[in-house]
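No lab work stands behind these numbers, since they all come straight from the coordinates. As the structure is a computational prediction, the values presented were derived from the model and not from experiment. We place every Cβ from the backbone using ideal geometry, glycine too, and count neighbours over all the protein chains shown.
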Amino acid sequence: MPSELLTDRRAATLILTISDPATRNTLSPQVYEAGSRALAQVAADPTLRCVIVRGDGPHFCAGGDLHRLAAAREGPADTPHTNVERFHGFVRALRACPKPVIAAVEGHAAGGGCSLALACDLIVAARGARFTMSYGRAGLSPDGGGTYHLARALPRALALQLLWLPEPTAAERWHQWGLVNALCDDGQALAEALVWAERLGRTASNAVASAKALVESAGTHGLAAHLDDEREHFVANLRHDNAAEGLRAFFDKRSPRFS
């Protein structure tokens, strides 16, 4: 039975849970497709302000199911390409979602699970969590954007070390490197992520979406073009009702109540 994606709404936050505890929540095409659909619904629902991605039980995600990968290797030639593209569709949906996406990591995040955590906007991790880009053990190269996100976040030599060597890295090291935003006690990653989601939910959703889009596009063109993008976002947000509320709240010396 392949893994499935469970959904649970908590106030303005949608929790996506990769569920197959017996395999440490390996990934499956069902998870990819369900995740992409759920994120599209989040983007269209103004009452949802944040997304949390987590694993069922004591681990986040062990990555790809090696039994499924072995079968795909012997099957039709286009099957591996199709399956990876489904995974990448999920990753694209995470990056394109205008709402903040938080990975709540307990236990192991390995291979594609590690790439999936990196594709989220923020990572909250239990102190006992371990991250590893373990593809090399199976003679594989990374997918899911793992190389892209590590190369953007870390010095080249450190990114290559993590990609080449399969030893798990402690969450505290990832926190020191700026890959993990917050550490918490074991078993508390979801609770801590919900605290972050509640804080983010009090911010202006249009401004949050603009900041995410601008960070996503940074580095894809020169400074002049990026400044143009910032100008357009700034002016659009200044004309938004949330700016009127934010300015009134500032002058009134109170907390804003954004829509």
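Per-structure values
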read-out: In degrees, nearest ten, helix 189-201 long axis to first principal axis of the chain (Cα); value: 30
read-out: Kirkwood-based Rg to Rh ratio, the chain, C-alpha trace; value: 0.99
read-out: Sorted largest first, extent of region 205-252 alpha carbons per principal axis (Å); value: 39, 17, 14
read-out: Mean separation of Cα contacts under 8 Å (6+ apart) over length of the chain, as relative contact order %; value: 16
read-out: Relative packing of peptides 96-109, 213-226 - highest average C-beta neighbours within 10 Å first; value: 96-109, 213-226
read-out: Over region 54-201, relative contact order from alpha-carbon pairs under 8 Å, at least 6 apart, %; value: 26
read-out: Under-5 Å amide H pairs with Thr13, H placed in peptide plane, nonlocal only; value: Arg49
read-out: Glu198/Arg156 FRET efficiency (R0 41 Å; Cβ-Cβ; nearest 0.05); value: 0.65
read-out: Test item: Cα-centred dipole of region 96-154, Lys/Arg +1 and Asp/Glu -1 on Cβ, debye; value: 100
read-out: Size of electric dipole in region 4-201: Cβ of Lys, Arg +1 and of Asp, Glu -1, about Cα centre, debye, nearest 20; value: 440
read-out: Burial ordering of Leu158, Leu140, fewest other beta-carbon atoms within 10 Å first; value: Leu158, Leu140
read-out: Contour excess over end-to-end distance, with Cα ends at Ala77 and Arg137 and 0.36 nm allotted per residue; value: 19.3 nm
